[in-house]
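Colleague: What follows is a structure written as structure tokens; I'll ask about it next.
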Amino acid sequence: MSQTGTNSPLTVVLVHGAFADSSSWAGVIERLQAKGTKVIAAANPLRGLKSDSAYLGALIDEIPGPVLAVAHSYGGAVISNAATGKSNVVGLVFVAAFAPDEGEVLLEVTGTSKDSVLGTALVPHQYAIDGGTWAEFTIDPAKARDAFASDLPDAQANVIGAVQRPTSALAFTDPSGPPAWKSLPSWAVVATSDRAAGTDLVRAHAERAGADITEVAGSHVIMISQPQAVVDVIESAIAKVG
């Protein structure tokens with residue numbers, strides 16, 4: 001059950017996307033903490049939309065006081081599901097992120113984007129465990145800069161390609177549940193050169209969610225290349241809900 005301690009400060013919960021880890025929020029975290037904002041960078045398991053959302057939901061339940069859920073990319077689908085029915089979640093911030101509706105499947109949704117080149121950068125893998133065979137994906141390191149980080153130096157983009165975490169195919173094939181954005185105020189950062197999620201799709205999802213939209217020139221990893229712009233949006237959200 002969500003906790004709603006009236007004397008507890010607002011907590012910003014940052015949720016990373018597919019192929020990533022919480023270090024992608026480093027620049028955002030530093031700036032928020034410098035202002036005294038309480039921050040938790042959630043470890044997104046990347047094992048499937050249903051299980052990842054349940055994991056994040058359990059984390060949210062342990063947080064006393066109000067929560068502003070902030071997500072990047074695939075993490076947007078996770079907070080859309082995890083925050084549903086959580087009484088302590090007061091708002092959502094989508095950063096170059098998906099905001100699927102009930103019944104939508106990300107594998108099908110991403111195929112509708114004219115701006116995304118993600119499909120051409122994915123590398124499929126299979127692994128066997130506990131008697132079963134499971135599918136997951138990584139990004140071709142040689143395509144990481146073009147698809148994800150076109151506004152970062154080559155060396156930094158190469159690191160992103162090297163440290164990426166494989167993401168289960170279930171992240172892209174699990175159908176989404178009832179979305180929290182239908183009942184919560186939302187904000188969105190739309191990166192104008194997003195070739196992973198696709199600028200067109202991210203913008204369409206943000207508009208459908210009724211989000212307060214801020215467009216920022218940059219790539220899919222806008223929270224790395226333009227952390228202050230993302231912080232500005234988060235702080236605007238905090239001012240409204242905190």
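The values are calculated or read from the model by the stated rules, or taken from the named source; none is laboratory data. In this text, all values refer to a predicted model and were calculated from it rather than measured experimentally. The accessibility values were calculated without ligands, DNA or RNA, using every heavy atom of the protein model including side chains. Shrake-Rupley method; radii C 1.70, N 1.55, O 1.52, S 1.80 Å.
Colleague: Relative contact order for the chain: what percent, with Cα pairs under 8 Å and sequence separation of 6 or more?
Modeller: 24
Colleague: DSSP beta bridges in the chain, what fraction antiparallel, as a percent rounded to 5?
Modeller: The answer is about 30 percent antiparallel.
Colleague: Same structure again: Roughly how many Å is it from the Cα centre of region 213-242 to that of region 171-195, as a whole number?
Modeller: A separation of 15 Å, based on Cα centres.
Colleague: Taking 8 Å as the Cα distance limit and 6 or more residues as the minimum spacing, I'd like the relative contact order of region 186-233 as a percentage.
Modeller: Taking the mean separation of contacting Cα pairs over the length of region 186-233, I get 45 percent.
Colleague: Could you run the Karplus curve 6.51 cos²θ - 1.76 cosθ + 1.60 with θ = phi - 60° over region 171-182 and give me ³J(HN,Hα) per residue in whole Hz, x for Gly and Pro?
Modeller: Each residue's phi maps through the Karplus curve to give 5, 9, 10, 5, x, 6, x, x, x, 5, 5, 6 Hz.
Colleague: So what are the ³J(HN,Hα) numbers for region 190-205, from phi and the Karplus equation (6.51, -1.76, 1.60; θ = phi - 60°), rounded to whole Hz, Gly and Pro as x?
Modeller: Karplus values, whole Hz, x for Gly and Pro: 9, 7, 6, 10, 7, 9, 9, 5, x, 4, 4, 6, 4, 5, 4, 5.
Colleague: Something else about it: Name the long-range amide H neighbours of A18: under 5 Å, sequence gap of 5 or more, or other chain; modelled H, no Pro or chain starts.
Modeller: Placed amide hydrogens put Y74, G75 under 5 Å from A18.
Colleague: Here's a follow-up. Can you bin every Cα-Cα distance in the chain into 10 Å intervals starting at zero and give me the percent of pairs per bin, rounded to whole numbers?
Modeller: 8, 35, 38, 16, 2, 0
Colleague: How many percent of the accessible area of the chain is carbon or sulfur, using a 1.4 Å probe?
Modeller: Here it works out to 55 percent.
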